[in-house]
1. Restricting to the range 53-83, give me the number of residues that are in a loop (DSSP other than H, G, I, E, B) and not basic (Lys, Arg).
2. If you scan the range 87-117, which residues turn out to be assigned to a strand (DSSP E or B), polar (S, T, N, Q) and in contact with an Asp or Glu (Cβ under 9 Å, 6 or more places away or on another chain)?
3. So Ile101 ticks every box in (1) crowded, with 17+ Cβ neighbours inside 10 Å; (2) within 20 Å of Gly389 (Cα to Cα) but one. Which box is left unticked?
4. For the range 140-167: of the residues being more than 24 Å from Tyr218 (Cα to Cα) and touching a residue at least 12 places away in the same chain (Cβ under 8 Å), which is least open to solvent (accessible area, probe 1.4 Å)?
5. So, in the range 208-247, how many residues would count as being under 22 Å from His397 (Cα atoms), open to solvent by less than 20 Å² (accessible area, probe 1.4 Å) and not in a strand (DSSP E or B)?
6. Across the range 66-79, which residue is farthest from the chain's Cα centre (by Cα) among those that are within 18 Å of Val40 (Cβ to Cβ) and at pLDDT 95 or above?
7. Which ones in the range 121-151 are of a type in the set (D, E, K, R) and more than 24 Å from Asp208 (Cβ to Cβ)?
Amino acid sequence: MPLPSSFKSLVLGSALALLVGCQTLTPDAELRGTGDLGVVVERATGSLLIVDTSEHTILRRIEGLGDLSHASVKFSRDTRYAFVFGRDGGLTKVDILTGEIMGRVIQSGNSIGGAISQDGGYVAVANYEPGGVKVFESAGLDLVADIPATYRTPAGETERSKTVGLVDVPGNDFVFSLFDAGEIWSLDMTHDQPEITRFEDIGEKPYDALISPNGRYYIAGLFGEDGLALLDLWHPEQGVERILPNYGRGEERLPVYKMPHLEGWALAGKQAYFPAVGRHEVLVADTTDWTLGKRIPVQGQPVFVMSRPDQRQVWVSFAHPKNDVVQVIDTRSEEVVKTLAAGDSILHMEFTPRGEHIWISARDSDHVKVYDTDTFEELATLPAQSPSGIFFTDRAHRIGL
């Protein structure tokens with residue numbers, strides 16, 4: 001039965017109205033996904049650059065994010081939203097497609113990073129002042145848990161510790177370390193009330209930590225002594241194991257100009273690569289028994305030691321005063337094969353998801369450089385105001401990043 005012409009006109013008119021209405025919702029927005037996007041932190045100006053990692057371009061700048069002198073960024077599961085953790089205790093939710101700030105809370109006096117739960121529902125923040133972890137609902141940034149990092153001093157007094165090395169782990173849990181207390185805590189968010197498991201006496205002054213890509217091993221670096229502390233999350237009943245305890249034994253300690261960062265987790269085959277605290281070395285450990293295999297000499301004190309996604313290379317950045325270059329280690333020969341002068345005060349590196357390119361921020365040169373990781377050819381130089389952290393959206397789908 002043919003439709004009446006009046007009904008056809010009504011349907012057509014409604015469809016056109018719907019189409020026009022959809023177009024007018026975002027008249028200036030480009031239809032695009034978020035898979036090749038990322039952000040660059042501009043630490044001196046409290047701003048964020050949204051970048052296209054395929055085109056090597058800056059899409060927009062977002063301002064008003066507070067003190068970003070030691071900022072880190074995590075992404076929502078759908079990779080549309082970036083959660084920015086500022087040094088001033090600010091937690092900011094940013095829409096990277098529209099450039100809008102969706103929410104912002106000042107949740108402490110001094111914070112040092114954060115993590116997002118496995119299901120994407122919670123955002124946790126590690127705090128220096130006051131020491132502890134706060135957990136927020138990711139949609140609206142409503143506070144759902146406040147975990148003070150309290151411990152007993154040798155004198156029997158109760159104090160609060162700085163919290164560091166906060167990561168997400170499978171099961172909607174978080175794990176973090178207590179710098180002043182020498183402890184590791186596991187925070188379970190799967191129940192009505194948060195549940196904490198404490199691991200005490202793990203070593204002196206854990207300063208940062210990493211989680212293995214499969215979520216099994218949590219490893220805290222120790223600033224107060226040589227070695228690292230390892231927690232096997234598949235067998236937490238075994239407690240914390242000390243690994244690489246003697247790598248600096250008998251050697252003179254060097255001044256530490258910048259604390260190494262462990263989050264990059266350089267893993268290649270059965271080998272793990274770590275920055276040696278205060279030494280001009282990258283340590284290589286066998287992950288089957290966590291014994292020290294080799295000490296690779298590098299040109300300065302390593303800060304970031306990061307593995308290319310295919311694990312064929314490890315890229316290393318350095319602390320002051322030798323922080324104007326990065327070095328590349330070939331994991332087959334375990335030797336430095338390339339040194340690149342990428343700018344003054346290099347702070348951060350980030351691989352594209354499959355590792356064909358690497359982005360490097362040079363704070364005092366006010367630029368970000370992009371290199372081909374096979375040929376080491378410079379592909380682009382992007383202007384940025386005191387750039388530091390670089391974070392790409394593929395991190396949303398990797399444990400601990």
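1. Here the count works out to 16.
2. Asn110, Ser111 - these are the residues of the range 87-117 that are assigned to a strand (DSSP E or B), polar (S, T, N, Q) and in contact with an Asp or Glu (Cβ under 9 Å, 6 or more places away or on another chain).
3. (1)
4. Leu141
5. Looking only at that region, the number is 2.
6. Quick first cut of the range 66-79, residues within 18 Å of Val40 (Cβ to Cβ) only: 66-75, 79.
Of the ones still in play, those that are also at pLDDT 95 or above are 73-75, 79.
Numbers: Val73: 6, Lys74: 7, Phe75: 10, Thr79: 15 Å.
Only one residue tops the list, namely Thr79.
7. From the range 121-151, those of a type in the set (D, E, K, R) are 129, 134, 137, 142, 146; that's our starting set.
Residues satisfying the conditions are Glu137, Asp142.
Quick grid of which residues meet (1) at pLDDT below 95; (2) closer than 21 Å to Val368 by Cα:
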residue	(1), (2)
Thr287	yes, no
Val298	no, no
Gln311	yes, no
Ala319	yes, yes
Val326	no, yes
Arg332	yes, no
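The values are calculated or read from the model by the stated rules, or taken from the named source; none is laboratory data. As the structure is a computational prediction, the values presented were derived from the model and not from experiment. Cβ coordinates were reconstructed from backbone atoms using ideal geometry, including for glycine residues, and neighbour counts include every protein chain displayed. Protein only, heavy atoms only, side chains kept; ligands, DNA and RNA dropped before computing areas. Shrake-Rupley method; radii C 1.70, N 1.55, O 1.52, S 1.80 Å.
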